[in-house]
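What follows is a set of notes on a single structure, which appears directly below.
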Amino acid sequence: MRVVVTGGAGFIGSHLTEYLLSLGHEVIVLDDFSTGTARNLRALSANPRLTVVPGSVCDATIVETCLAGADAVYHLAAAVGVFTILDRTLESLRTNLTGTETVLAAASRAGARMLLASTSEIYGKNTAMGLREEDDRIIGSPLKNRWSYAEAKALDETFAHLYAVEKGLRTVIVRLFNTVGPRQTGRYGMVVPRFVDQALAGKPLTVFGTGQQSRCFCHVLDVVPALVALLEDERAHGTVFNLGNPEPVTIEELAHRVLVRTGSPAGIVRVPYEQAYGPGYEDMERRVPDCTKAKQAIGFQPARGLDDILDGVLADRTAAVPR
Ligand code: UDP
């Protein structure tokens, strides 16, 4: 098959590209290298079935060219990371809205099936123990920058849904719950690589707020095969799936686990949200997925726990090649 991965030089995208190549597919990566890096694809660069196209998903001509003759597209390209969204809110909003509609339109013209990478962020402040796909969204003011990411991704889902309903596009939407693992950078805010990098540098781990907020971290290698299995399964088309690990951990506990795993004596420092993200920031207290639907559809069952994740990130960080 000929498969396009937008954002294929990013953290999840590069793992997905590697997996698709291992299945024997021809892969075209479209990436603007804003947060993705060539380094993520370096190990694959000699593969003759890989083509890397530098460019934006907002550029209709380039998207159209990449999708010509494609069987499938995985749309992962997006402005990601809380710091990115807060620092460049308008640009991020445009990328996440225009980029998705551009890819949907091109997929529709090419007759390619399309997976949209959405996010658990769309549930907002809903703290249900086990968020289900049909649960309500509880979102703060649209004038608070943080929520613009959730708003854009929710509209992306609506776009994808309408392309499926009105144009017959075969789509799958996945909501990813804090996917982590090797190659993820902490530069844009993600807590696991930030804590590991801080510990390795002997700096105190920056726990924002009380540290009692919790998240569920899922290893990227548990997520990637599920993306492919869902898009390959016709019964999954036209619908949405949560993908994550149901085991919650508080951010404070995460910090302690990182300190133990790295053997760092640096300790933790508490940073008020206002100082970390600026005034008016609202965090989510808890975000736990219910993945029953993905389990029933494709047998989705994450195999890796938090210690596997931390060991993987640690090994990545201490490898010979500096990030
Ligand atoms: N966080 C933290 N210290 C950091 C970076 C993040 O305490 O250096 C917190 C952040 O406030 C949030 C959690 O860790 O409560 C997860 O943050 P991340 O940006 O990784 O993901 P998201 O907020 O999108 O779930």
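The values are calculated or read from the model by the stated rules, or taken from the named source; none is laboratory data. No experiment lies behind these values; they were computed from the predicted model shown. Cβ atoms come from the backbone with ideal geometry, glycine included; neighbour counts cover every protein chain shown. Each accessible area value is taken on the protein alone, full model and side chains, heavy atoms only, with ligands, DNA and RNA left out. Shrake-Rupley method; radii C 1.70, N 1.55, O 1.52, S 1.80 Å.
Name the pairs whose Cβ atoms lie under 9 Å apart, with the first residue in the stretch 204-218 and closer than 23 Å to Asn245 by Cα, the second within 6 Å of the ligand (Cβ to nearest atom) and in a loop (DSSP other than H, G, I, E, B), and 6 or more positions between them or separate chains?
Every condition considered, the pairs that remain are Phe208/Asp283; Gln213/Asp283; Arg215/Asn178; Cys216/Asn178; Phe217/Asn178; Cys218/Asn178.
If a residue has to be without any contact (Cβ under 8 Å) to a residue 12 or more places away in the chain and of a type in the set (S, T, N, Q) to count, how many in the stretch 40-64 make the cut?
2
Which residue, of Leu30, Leu20, is touching a residue at least 12 places away in the same chain (Cβ under 8 Å), in contact with a Gly (Cβ under 7 Å, 6 or more places away or on another chain) and under 19 Å from Leu116 (Cβ atoms)? Can you show your working first?
On the way: Leu20 fails: in contact with a Gly (Cβ under 7 Å, 6 or more places away or on another chain).
Residue meeting the stated conditions: Leu30.
Looking at the stretch 249-262 only, could you name the residues that are open to solvent by 60 Å² or more (accessible area, probe 1.4 Å) and either in contact with a strand residue (DSSP E or B) (Cβ under 9 Å, 6 or more places away or on another chain) or of a type outside the set (A, V, I, L, M, F, W, C) (or both)? Show your work before the answer.
Residues of the stretch 249-262 that are open to solvent by 60 Å² or more (accessible area, probe 1.4 Å), as a first pass: 253, 256-257, 260-261.
Within the stretch 249-262, Glu253, His256, Arg257, Arg261 qualify.
Considering each residue of the stretch 243-266, count those that are touching a residue at least 60 places away in the same chain (Cβ under 8 Å), within 14 Å of the ligand (Cβ to nearest atom) and more than 22 Å from the chain's Cα centre (by Cα), and give that number.
2
Looking only at residues that are of a type in the set (Gly, Ala, Ser) and within 12 Å of the ligand (Cβ to nearest atom) in the stretch 197-226, which one is surrounded by the most Cβ atoms within 10 Å (Cβ to Cβ)? Let's see the steps before the verdict.
Step one: list which residues in the stretch 197-226 are of a type in the set (Gly, Ala, Ser), which gives 199, 201-202, 209, 211, 214, 226.
After this cut, where a residue has to be within 12 Å of the ligand (Cβ to nearest atom) as well, the list is 199, 209, 211, 214.
Details: Ala199: 26, Gly209: 18, Gly211: 18, Ser214: 19.
Across the stretch 197-226, the extreme among qualifying residues is Ala199.
Test each condition in (1) aliphatic (A, V, I, L, M); (2) over 23 Å from Ala110 (Cβ atoms); (3) outside any loop (DSSP other than H, G, I, E, B) for Ala46 and report the one that comes out false.
(3)
Are any residues in the stretch 10-64 hydroxyl-bearing (Ser, Thr, Tyr) and under 22 Å from Val223 (Cα atoms), and if so, which ones? I'd like the intermediate steps shown before the answer.
We begin by selecting, within the stretch 10-64, every residue hydroxyl-bearing (Ser, Thr, Tyr); these are 14, 17, 19, 22, 34-35, 37, 45, 51, 56, 61.
Within the stretch 10-64, Ser14, Thr17, Tyr19, Ser22, Thr35, Thr37 meet the criteria.
What about Ala276, is it open to solvent by less than 40 Å² (accessible area, probe 1.4 Å) and away from the ligand (no atom under 15 Å from the Cβ)? Lay out the reasoning, then the answer.
Numbers: open to solvent by less than 40 Å² (accessible area, probe 1.4 Å): yes; away from the ligand (no atom under 15 Å from the Cβ): no.
So Ala276 fails the test.
Check the stretch 311-322 and report whether any residue there is surrounded by 13 or more Cβ atoms within 10 Å (Cβ to Cβ), of a type in the set (Asp, Glu) and not in a helix (DSSP H, G or I).
The answer is no; no qualifying residue exists.
Just to be sure before I move on: is Val192 touching a helix residue (DSSP H, G or I) at 6+ places or on another chain (Cβ under 7 Å), away from the ligand (no atom under 11 Å from the Cβ), β-branched (Val, Ile, Thr) and open to solvent by less than 50 Å² (accessible area, probe 1.4 Å) in the structure I sent? If you could, list the steps in order and put the result at the bottom.
Working: touching a helix residue (DSSP H, G or I) at 6+ places or on another chain (Cβ under 7 Å): yes; away from the ligand (no atom under 11 Å from the Cβ): no; β-branched (Val, Ile, Thr): yes; open to solvent by less than 50 Å² (accessible area, probe 1.4 Å): yes.
In short, no.
Does Ala297 satisfy the criteria of being at pLDDT 95 or above, farther than 30 Å from Pro142 by Cβ and not charged (D, E, K, R)? Please lay out each step first, then the result.
Working: at pLDDT 95 or above: yes; farther than 30 Å from Pro142 by Cβ: yes; not charged (D, E, K, R): yes.
Yes.
Does Asp307 qualify as being among the acidic types (Asp, Glu), open to solvent by 40 Å² or more (accessible area, probe 1.4 Å) and within 21 Å of the chain's Cα centre (by Cα)? Working first, answer last.
Details: among the acidic types (Asp, Glu): yes; open to solvent by 40 Å² or more (accessible area, probe 1.4 Å): yes; within 21 Å of the chain's Cα centre (by Cα): yes.
Here the answer is yes, as Asp307 does meet what is asked.
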